[in-house]
Amino acid sequence: MIDQTFVDLSRWQFAAVAMYHFLFVPLTLGLSWILVIMESVYVMTGKEVYRDMSRFWTKLFAINFALGVTTGLTMEFQFGTNWAYYSHYVGDVFGAPLAIEGLMAFFLESTFVGLLLLGRDRLTKVKYLGVVFMTALGTNLSALWILVANGWMQNPVGAEFSAETMRMEMTDFWAVLFNPVAQVKFIHTVAAGYVTASMFVIGISAWYILKGRDLAFAKRSFAVAAGFGLASALSVIVLGDESGYELGDVQKMKLAAIEAEWHTQQAPANFNVIALPDQENRTNRFEIQIPWAMGLIATRSLDKEVPGITELVAKNEIRVRSGITAYATLEKLRAGDKSEATRSLFDQHKRDLGYGLLLKRYVEDPAKASEEQIKKAAWDSVPYVPYLFWSFRIMVGLGFAMLGMFGLSFYLLARGRLEQNRWLLHLLVWSIPLPWLACELGWFVAEYGRQPWAIGEVLPTFLATSALTTTDIITSMAAYLVFYSVLLAIEMYLMFRFARLGPSSLHTGRYHHERGAPMTARFQPAE
Amino acid sequence: MLDYETLKLVWWVLVGVLLIGFAIADGMDMGVGMLLPFLGKNDAERRVIINTVGPHWDGNQVWLITAGGAIFAAWPAVYAAAFSGFYLAMLLVLVALFFRPVGFDYRSKLENPKWRNAWDWGLFVGGLVPALIFGVAFGNLLQGVPFHLDRFLKPHFEGSFIWALLPLLNPFALLAGAISVAMLALHGALWLQMRADTVIADRARSAIGSLGLVVPAAFALGGIWLWLGIDGYRIVSEPAHSALPNPLAKEVVRAAGAWFDIYAKLPVAMLLPITGLLMPLAARQLSRAGRPGIGFVASSLGMTGIIGTAGAAMFPFLLPSSTQPNASLTVWDAASSHLTLKIMFFAVLIFLPIVLAYTLWAYRAMWGRVTLAQIEANKHSAY
């Protein structure tokens with residue numbers, strides 16, 4: 001029987017190490033391109049301040065990057081250590097993008113990051129710019145491949161279950177690579193990374209401006225971040241909307257849960273801006289709606305319906321019943337039955353095998369499931385609505401808030417009225433954590449919204465674990481928590497220290513904290 | 001040409017290449033990490049040592065990550081059974097590896113001597129522990145691992161928590177761990193003799209004097225022990241090699257000397273242990289003669305011989321099961337589908353040469369001896 005405590009602990013551990021890893025990833029994704037921009041301007045104009053900008057932000061990049069690498073190591077092996085059955089069941093498909101990620105992306109970013117940090121004096125300006133570019137390309141390519149892998153978990157295309165090998169096998173690599181979910185998520189995710197890095201740079205630069213320090217340096221950094229951030233925030237939102245459309249197409253249950261749409265509405269469906277979803281009674285206790293909005297987002301039409309949770313569950317119940325047949329015939333095939341009839345019956349039902357497996361939570365043999373258990377299994381296909389509903393809305397709200405901040409910053413900077421609007425500078429400093437919150441919530445929506453599946457409609461999460469004990473998981477969880485907390489504390493300490501020091505940490509003699517620098521250089525005017 | 005059986009064999013070679021690549025590249029900086037607190041007597045010397053590998057350790061580590069990914073893609077059953085079976089051992093490896101990225105990058109960011117000394121020991125742990133455990137893991141593979149597969153092919157293990165970990169640390173496995181540690185330390189020392197300030201290079205040279213003897217001696221001892229004391233595994237009957245992978249369809253027996261079957265079938269395989277024995281000695285001689293560069297190549301060949309010996313001895317086994325020998329995972333029945341193996345083969349064919357090309361470019365760009373004077377001149381930007 002399934003040990004739910006063990007499954008929950010495994011899930012907590014994965015969620016913790018993955019979300020912890022993603023504290024460091026988005027800044028790497030975006031800051032690497034900001035470095036490319038700064039270094040390019042330096043190469044083109046030869047102005048020292050741009051080299052200093054590139055060098056200083058590289059220092060902060062490195063502090064963050066170190067923990068990205070550290071926590072990334074865990075991720076590479078986490079599937080094997082804690083999700084052994086998952087690894088066996090889908091490794092044939094899921095392993096390939098991970099391996100290609102290593103070959104194509106990790107080698108690139110990790111080889112060039114060494115030169116980025118330590119090779120400036122050894123290379124010509126143009127070659128060094130090439131190094132910065134290759135690092136950025138490598139980090140972003142790694143995001144591509146991991147999202148191809150993740151997109152396949154959401155929408156497992158290009159693969160088929162094989163009864164002989166008892167696992168999913170790849171049938172079409174290009175379908176896996178060009179999985180629409182993967183493509184949309186990739187751009188949404190990297191753009192979110194660009195927003196994160198822009199917020200980071202603009203917030204810290206705003207702080208220097210507030211302090212009246214190193215203004216030439218700070219304002220140029222501010223300008224780069226404002227422009228990059230504005231473009232990125234726009235694309236995050238547009239691509240987020242595209243994700244919504246994709247969900248309406250392939251992950252209908254996740255969409256219905258995010259929207260707390262308990263019943264199919266008449267087309268075009270309304271969008272719940274605010275609601276109090278009540279999972280137990282399968283209804284919302286309170287709703288404020290925008291008419292038609294959801295129909296437009298999810299179907300790009302005024303006449304197509306967006307199916308509601310109850311209607312989807314009714315369909316899933318049929319699939320659970322079909323899955324029982326799939327499971328029973330699979331047992332026969334595994335036992336050596338070679339008859340044509342069994343084979344063709346299995347082929348008819350095998351796309352519902354995953355739904356049959358949902359019953360394994362209640363009975364060892366799905367064929368013996370009671371009516372009540374079948375209904376329960378069908379309702380298990382609904383993730384917990386209130387968490388998704390609110391996480392999604394907070395994420396979107398943060399996205400729009402950041403778009404507004406970048407837009408205003410850009411406008412005021414262009415009009416030369418930045419310093420008169422100190423409230424905005426203060427707001428930017430305090431907003432530095434917001435993109436991280438939005439990113440984590442986004443992943444929460446994506447992955448919690450995938451539940452109860454490890455692989456959408458193929459493999460339930462509770463079957464995907466390793467055959468370990470709760471003691472094992474508690475031990476590893478404790479080790480990760482202790483090490484990660486200590487490392488995070490050290491990272492934050494260094495980050496704050498160097499951010500406060502600012503470009504003075506470069507020891508060029510030109511910046512604020514360096515005694516002996518001439519006054520004009522220390523307090524040079526903005527332009 | 002690329003039929004299923006051939007590809008299964010090719011992937012055995014490719015994973016071998018990735019693991020050997022890991023030993024040659026990352027093994028070098030792990031060896032350097034192990035030697036760091038001993039060959040560097042003060043902060044400046046230790047910074048010299050760290051900066052010989054500073055720009056490269058991260059790229060080198062990707063050999064391990066890619067090998068992990070490749071095992072996932074090519075042998076999902078092995079990835080599943082091995083990493084969950086060696087759960088706590090793997091946790092130790094990961095935790096030890098955590099010290100490296102932060103150790104390299106954060107150590108010289110603050111001036112406090114206690115801070116720096118602590119990270120130096122962190123880098124030592126980050127070099128020693130993974131090297132030891134990977135060796136121990138190989139030692140256990142040669143003895144068989146207590147796992148079995150249920151009818152849905154989920155792997156299960158004997159014991160849990162510390163009761164699963166302790167039996168892994170048996171004497172033969174510890175010897176294998178010692179071989180691994182010594183060979184990486186030798187490799188790292190050759191690197192330091194070649195790339196570090198002469199003060200450190202001289203110390204590295206004298207360390208090589210003993211390491212160059214320990215490695216072949218321990219390796220030879222391991223071979224004798226394996227011959228006299230460890231039962232191998234042998235396939236008695238099995239489905240065609242090109243069949244769809246089913247790890248429960250074959251019959252396997254344990255037999256004394258079975259790990260030496262390969263030399264009867266393929267005498268040329270003798271070259272592997274011979275290389276593993278002679279090359280560390282050659283590296284030692286070259287180091288004495290003041291040619292650590294060629295010595296480094298010799299040491300790389302030596303590791304290829306040693307890892308190759310273990311791999312070839314077990315062939316076609318990847319993960320022999322001591323509790324249900326028939327469920328042992330082999331090259332033939334733990335592989336991915338034909339299509340996946342084919343796609344991944346082309347991915348390696350295209351990307352590995354590109355990786356090697358820019359890796360060599362990166363090493364060339366940073367080439368030259370790292371001196372104490374250089375560290376002094378770049379104390380705010382160097383590691």
Inset, instruction - Determine, yes or no, whether A:Ala62 is open to solvent by less than 10 Å² (accessible area, probe 1.4 Å), in contact (Cβ under 8 Å) with a residue 12 or more places away in the chain and among the small types (Gly, Ala, Ser). - result: yes
Legend entry - Selected residue (criterion: nearest to the other protein chains (Cβ to nearest Cβ)) from residues of region B:243-265 that are of a type in the set (A, V, I, L, M, F, W, C) and more than 17 Å from B:Leu319 (Cβ to Cβ): B:Leu244
Legend entry - Single condition B:Asn60 does not satisfy, out of (1) outside any loop (DSSP other than H, G, I, E, B); (2) over 17 Å from the mean Cα position of the chain (by Cα): (2)
Inset, instruction - Report yes if some residue within region B:330-345 is among the small types (Gly, Ala, Ser), modelled with pLDDT of 95 or more and more than 28 Å from B:His156 (Cβ to Cβ); otherwise report no. - result: no
Inset, instruction - Please work out if A:Val201 is open to solvent by less than 30 Å² (accessible area, probe 1.4 Å), in contact (Cβ under 8 Å) with a residue 60 or more places away in the chain, in a helix (DSSP H, G or I) and farther than 16 Å from A:Leu230 by Cβ. - result: no
Legend entry - In region B:76-103, residue nearest to A:Trp83 (Cα to Cα) [restricted to those that are open to solvent by 10 Å² or more (accessible area, probe 1.4 Å) and within 8 Å of chain A (Cβ to nearest Cβ)]: B:Phe83
Inset, instruction - Considering only region B:62-75, state which residues are facing another protein chain (nearest Cβ under 7 Å), more than 24 Å from A:Glu169 (Cβ to Cβ) and either of a type outside the set (Val, Ile, Thr) or open to solvent by less than 10 Å² (accessible area, probe 1.4 Å) (or both). - result: B:Val62
Inset, instruction - Count, please, the residues in region A:493-507 that happen to be more than 9 Å from chain B (Cβ to nearest Cβ) and either of a type in the set (Val, Ile, Thr) or open to solvent by less than 40 Å² (accessible area, probe 1.4 Å) (or both). - result: 5
Legend entry - Every pair of residues 6+ apart whose Cβ atoms lie under 6 Å, when the first sits in region B:323-337 and is touching a residue at least 40 places away in the same chain (Cβ under 8 Å) and more than 10 Å from chain A (Cβ to nearest Cβ) while the second is part of a helix (DSSP H, G or I) and of a type in the set (Phe, Trp, Tyr): B:Val331/B:Trp12
Legend entry - Single match in A:Gly212, A:Gly240 (criterion: at pLDDT below 95, surrounded by fewer than 24 Cβ atoms within 10 Å (Cβ to Cβ) and touching a Gly at 6+ places or on another chain (Cβ under 9 Å)): A:Gly240
Legend entry - Residue tally, condition surrounded by 15 or more Cβ atoms within 10 Å (Cβ to Cβ), of a type outside the set (A, V, I, L, M) and either assigned by TED's automatic domain parsing to the domain that holds A:Trp453 or over 38 Å from the mean Cα position of the chain (by Cα) (or both), over region A:338-374: 2
Inset, instruction - Scan region B:245-279 residue by residue and report those that are β-branched (Val, Ile, Thr), closer than 23 Å to B:Trp75 by Cβ and open to solvent by less than 50 Å² (accessible area, probe 1.4 Å). - result: B:Val252, B:Ile262
Inset, instruction - Scan region B:124-147 for residues that are in a strand (DSSP E or B) and more than 10 Å from every other protein chain (Cβ to nearest Cβ) and jot them down. - result: B:Val145
Legend entry - First in region B:298-317 and surrounded by 24 or more Cβ atoms within 10 Å (Cβ to Cβ), second anywhere and outside any helix (DSSP H, G or I) and among the aromatic types (Phe, Trp, Tyr), Cβ under 6 Å, 6 or more apart: B:Phe317/B:Tyr233
Inset, instruction - Confirm whether A:His513 is open to solvent by 30 Å² or more (accessible area, probe 1.4 Å) and in contact with a helix residue (DSSP H, G or I) (Cβ under 8 Å, 6 or more places away or on another chain). - result: yes
Inset, instruction - Could you list, in sequence order, all residues of region B:159-191 that are closer than 14 Å to B:Leu88 by Cβ and open to solvent by 40 Å² or more (accessible area, probe 1.4 Å)? - result: B:Gly159, B:Phe161, B:Ile162, B:Trp163, B:Leu166, B:Pro167, B:Leu169
Legend entry - Residues satisfying the stated conditions in region A:154-192, i.e. aliphatic (A, V, I, L, M), open to solvent by 20 Å² or more (accessible area, probe 1.4 Å), under 29 Å from B:Leu329 (Cα atoms) and within 14 Å of chain B (Cβ to nearest Cβ): A:Ala159
Inset, instruction - For A:Val113, indicate whether it is open to solvent by less than 10 Å² (accessible area, probe 1.4 Å), in contact (Cβ under 8 Å) with a residue 40 or more places away in the chain and farther than 22 Å from B:Lys379 by Cβ. - result: no
Inset, instruction - Could you tell me which numbered condition B:Tyr106 fails, if it satisfies all but one of (1) assigned to a helix (DSSP H, G or I); (2) over 23 Å from the mean Cα position of the chain (by Cα); (3) more than 9 Å from every other protein chain (Cβ to nearest Cβ)? - result: (3)
Inset, instruction - Can you give me the number of residues within region A:76-102 that are surrounded by 24 or more Cβ atoms within 10 Å (Cβ to Cβ), farther than 21 Å from B:Phe98 by Cβ and facing chain B (nearest Cβ under 7 Å)? - result: 9
Inset, instruction - Would you be able to say whether some residue in region A:290-303 is within 23 Å of A:Leu398 (Cα to Cα) and in contact with a helix residue (DSSP H, G or I) (Cβ under 8 Å, 6 or more places away or on another chain)? - result: yes
Legend entry - Enumeration of residues in region B:213-255 that are over 20 Å from B:Phe152 (Cα atoms) and in a loop (DSSP other than H, G, I, E, B): B:Ile230, B:Ala240, B:His241, B:Ser242
Inset, instruction - Scan A:Gly416, A:Gly404 and give me the residue that is modelled with pLDDT of 95 or more and not basic (Lys, Arg). - result: A:Gly404
Legend entry - Complete set of residues in region B:28-55 that are outside any helix (DSSP H, G or I) and closer than 12 Å to B:Tyr383 by Cα: B:Gly54, B:Pro55
Legend entry - In region A:456-492, the residues that are without any contact (Cβ under 8 Å) to a residue 24 or more places away in the chain and within 9 Å of chain B (Cβ to nearest Cβ): A:Thr471, A:Asp472, A:Thr475, A:Ala479, A:Phe483, A:Ile490
Inset, instruction - Say whether the condition of being buried (at least 21 other Cβ atoms within 10 Å of the Cβ) and more than 9 Å from chain A (Cβ to nearest Cβ) is met by at least one residue in region B:344-367. - result: no
Legend entry - Residue ID - nearest to the other protein chains (Cβ to nearest Cβ), chosen from residues in region B:368-378 that are under 27 Å from the mean Cα position of the chain (by Cα) and surrounded by 14 or more Cβ atoms within 10 Å (Cβ to Cβ): B:Val370
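The values are calculated or read from the model by the stated rules, or taken from the named source; none is laboratory data. Being a predicted model, the structure only gives us computed values, none of them experimental. Backbone-built Cβ (ideal geometry, glycine too); neighbour counts: all protein chains shown. Surface accessibility is based on the protein's heavy atoms, side chains included, excluding ligands, DNA and RNA. Shrake-Rupley method; radii C 1.70, N 1.55, O 1.52, S 1.80 Å.
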